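The values are calculated or read from the model by the stated rules, or taken from the named source; none is laboratory data. Since the structure is predicted, the reported quantities are computational estimates derived from the model, not experimental observations. Neighbour counts are summed over all protein chains in view; Cβ atoms, including those assigned to glycine, are modelled from backbone coordinates with ideal geometry. Remember, those area values only see protein heavy atoms, side chains included, never the ligands or the DNA or RNA. Shrake-Rupley method; radii C 1.70, N 1.55, O 1.52, S 1.80 Å.
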Amino acid sequence: TDDNTESVLTFRVEDNGKGIPEDQIDRLFEPFERGDTKASGTGVGMYLIKSWTEKLGGHVSYTPSDKGGACFTVTLRVPQAQMTQQDDSEVTQLLEAKAILQGKRIMLVEDDRILRKTTTRLLEKNFNVLVVTAEDGNHALELLKNESVELILTDYFMPNLDGRELIRALREQGRMLPIIALTAATIGQEQDELKDAGADVVLPKPLDVHRFGEAILDFEAVGRL
């Protein structure tokens, strides 16, 4: 802005797909509306984006894209001093978490190949850890017969043996290492179910390095890492 007391952040995402029919635009941000699609999902994604953006004092809107598809724009106003302080705090937090995890072995249990690969790179790049990957709960239990790790991150919904069942099995084996569960579910009972099974922390997918860093600092503070 003119007085340099705040910054306007604008995020724009667009594609060259088929776009959104005019008669569906008014319902775009309503919960459980999925529009004309055969893709899986609950239909709450756009509703959550709108809700979170408005809680931050921002605005989200839809316009047809010049590329022929859809264009979504998110606008946020952030005080400049707040941005600087937050950035400094997050950098410090990440550095502290990196120092704690440096060289440690972490197991990532994720059935989606792309997410498994991107999350592994995220952890290796930001925390200098060694990542052991498993495709589902059964694979993780098999690997842990011979692998030694100091932290486990596991997805909830997986074939064969899901995250909740894996966590429960690990706790029944007497394994008390820190376990972070990951889930894309932001509503429903999934988070409570994971905690009841023995997860120490439940974080949303995709993994956010800052929230992960917070969890690592909490583990270190109580002598778990």
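Test of understanding: among 104, 117, which residue is at pLDDT 95 or above, charged (D, E, K, R) and closer than 21 Å to residue 211 by Cα?
Residue meeting the stated conditions: 104.
Among the residues of region 211-222, which ones are more than 18 Å from residue 120 (Cβ to Cβ) and either touching a residue at least 24 places away in the same chain (Cβ under 8 Å) or not acidic (Asp, Glu) (or both)?
Within region 211-222, 214, 217, 219, 220, 221, 222 meet the criteria.
What are the residue pairs meeting all of these: first residue in region 180-191, first residue buried (at least 18 other Cβ atoms within 10 Å of the Cβ), second residue among the small types (Gly, Ala, Ser) and at pLDDT below 85, Cβ atoms under 8 Å, and 6 or more apart or on different chains?
If the second residue must be among the small types (Gly, Ala, Ser) and at pLDDT below 85, the pairs left are 191/185.
Just checking, which of 217, 194, 153 is more than 23 Å from residue 45 (Cβ to Cβ) and among the hydrophobic types (A, V, I, L, M, F, W, C)?
None of the other options fit; the residue is 217.
Filter region 200-210 for residues that are open to solvent by less than 50 Å² (accessible area, probe 1.4 Å) and without any contact (Cβ under 8 Å) to a residue 24 or more places away in the chain; which is farthest from residue 115 (Cα to Cα)?
201
From the list 110, 90, pick out the single residue that is touching a residue at least 60 places away in the same chain (Cβ under 8 Å), acidic (Asp, Glu) and open to solvent by less than 30 Å² (accessible area, probe 1.4 Å).
110
Please go through region 134-161 and pick out each residue that is open to solvent by 50 Å² or more (accessible area, probe 1.4 Å) and of a type outside the set (A, V, I, L, M, F, W, C).
135, 138, 139, 142, 145, 146, 147, 148, 150, 159, 160, listed by residue number.
For (1) open to solvent by less than 90 Å² (accessible area, probe 1.4 Å); (2) modelled with pLDDT under 65, each residue gets a yes or a no:
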| site | (1), (2) |
| --- | --- |
| 1 | yes, yes |
| 4 | no, yes |
| 12 | no, no |
| 15 | yes, no |
| 18 | no, no |
| 39 | yes, yes |
| 44 | yes, yes |
| 56 | no, no |
| 63 | yes, no |
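Confirm whether residue 197 is at pLDDT below 90, aliphatic (A, V, I, L, M) and open to solvent by less than 50 Å² (accessible area, probe 1.4 Å).
no
Read through the list (1) over 16 Å from residue 212 (Cα atoms); (2) touching a strand residue (DSSP E or B) at 6+ places or on another chain (Cβ under 8 Å); (3) open to solvent by less than 50 Å² (accessible area, probe 1.4 Å), then give the number of the only condition that residue 169 fails.
(2)
Going by what's in this entry, would residue 217 be described as of a type outside the set (Ser, Thr, Tyr), more than 19 Å from residue 97 (Cα to Cα) and in a helix (DSSP H, G or I)?
Criteria not met by residue 217.
When region 20-37 is examined, which residues are found to be modelled with pLDDT under 75 and out of contact with any Leu (no Cβ under 9 Å at 6 or more places or on another chain)?
Once the filter is applied, which keeps residues that are modelled with pLDDT under 75 and out of contact with any Leu (no Cβ under 9 Å at 6 or more places or on another chain), region 20-37 yields 32, 33, 34, 36, 37.
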